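What follows draws every value from the coordinates through simple rules; no lab data is involved. Since we're looking at a predicted model, the values are computed, not measured. Using ideal geometry, Cβ is built from the backbone for each residue, glycine included, and neighbour counts are taken over all protein chains shown.
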Amino acid sequence: MKAPEFWYTVPGKASLQSILLCPLSLLYQNATARRVAKPVKYFADCPVICVGNLNAGGTGKTPTVIALAQEACSLGAKPVILSRGYGGTLQGPVQVDASRHSAQEVGDEPLLLSAFASTIVCKLRVEGMKAAEALKPDLIILDDGFQDPSVQKTKSLVVVDAEKGFGNGFCIPAGPLREPVKTGLARADAVMSLGTNHAQTEFAKLWKNDIPCPHITAELAPLTTGMDWTEGNFVAFAGIGHPEKFFKTLEHLGATLIHKEALSDHATLSSALLKRLKYMAEENAAQLVTTEKDAVRLPQSFRAEVLSLPVRLLVDDALFLRQFVKDALKTADL
């Protein structure tokens, strides 16, 4: 579902829709506060890094989890990722196996994450933590769950899209937030904003005074694969938090996009949709292209028809991210 445009008006300049929805937002905000205040149910035997957000929808958590897992591995640690497997049918706990699990079973993000570290999917985080611990990790990376008090976190990293920021500053449904910015960030150990230099500058102007913890900046950059994107035409489709960013990345690489199919995050790639896109590509002598996350949701029989563009997190202060992982691992015997 696409976020309402009034969610992303300038903070302090509330739209009529936001004003009318404020009573409901207050109820949502209070419910979140009561949930967050509940006592911790489970303390893991190893450090836990939570990668969360304040906004509803995609902010870039998946590439951030990948980056943290890679940092942990480079330090000689064994990370295990825990996800609720959004969109998947399996309740878990189950260890993701790309050779036998589909995105429909475990969710697209866990399937992608499992290529970088052992990944557990479980709808109940406490049970998922126990399953993750059974793999004897040095570190558990919790994908989402910042507002879930059921498990103790060693470190929490809040990820935000620099261009969208924290929207109009209101909680759902008057705005995009799960909880107020100052309230949420008071529990965070660091904030990472993802976006271009221009977006980072604007984000800092609007929100720097509301961030009480260290703030680092990063950007998603395409991996160099040897593909010449300036040759030929492309039909692009994406079912991620902000599909337009994927299209802009392709165009920045020189790709000519004759069609852009923007889908909702985790959207079902139906056979009717894929047939329509394939027909459009064939009629225009174009190549189908999508994101890494969408590619894992494609039917096996259709994957040869589609190129994917992998992206990775580029952190401006890579030493900070490395130290962040080191600090979390300080109780581990490495």
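Numbers for the structure displayed
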quantity	calculated
Beta bridge orientation in the chain: antiparallel %, DSSP, nearest 5	15
From the C-alpha gyration tensor of segment 199-334, square roots of 5λ in Å	35, 18, 15
Charge context of L313, other residues only, Cβ under 15 angstrom, K/R +1, D/E -1	-3
Of the GluC sites (Glu not before Pro) in segment 154-252, those whose Cβ has at most 11 other Cβ within 10 Å and which sit in DSSP loop	E231
Cross-link partners of K61 among lysines (Cα-Cα below 22 Å; sequence separation of 8 or more within a chain)	K2, K78, K123, K153, K155, K164, K182, K208, K245, K248, K293, K326
Segment L24-Q300, extension gain: residue separation times 0.36 nm, minus the distance between their alpha carbons	95.0 nm
The chain - percent relative contact order, Cα under 8 Å, separation 6 or more	22
Tensor-based shape of segment 29-112 (alpha-carbon gyration tensor, a/c under 1.5 rounded, otherwise prolate or oblate)	oblate
Fully extended contour minus Cα-Cα distance, from E244 to L307, at 0.36 nm per residue	20.9 nm
Extent along principal axes [Cα atoms of segment 216-285; Å; largest to smallest]	42, 29, 17
Calculated FRET efficiency for the pair T268/F43, C-beta based, R₀ 41 Å, to 0.05	0.60
Candidates A132, A69, A304: whichever shows maximal mean-square fluctuation once the chain is modelled as a Gaussian network with Cα springs under 10 Å	A304
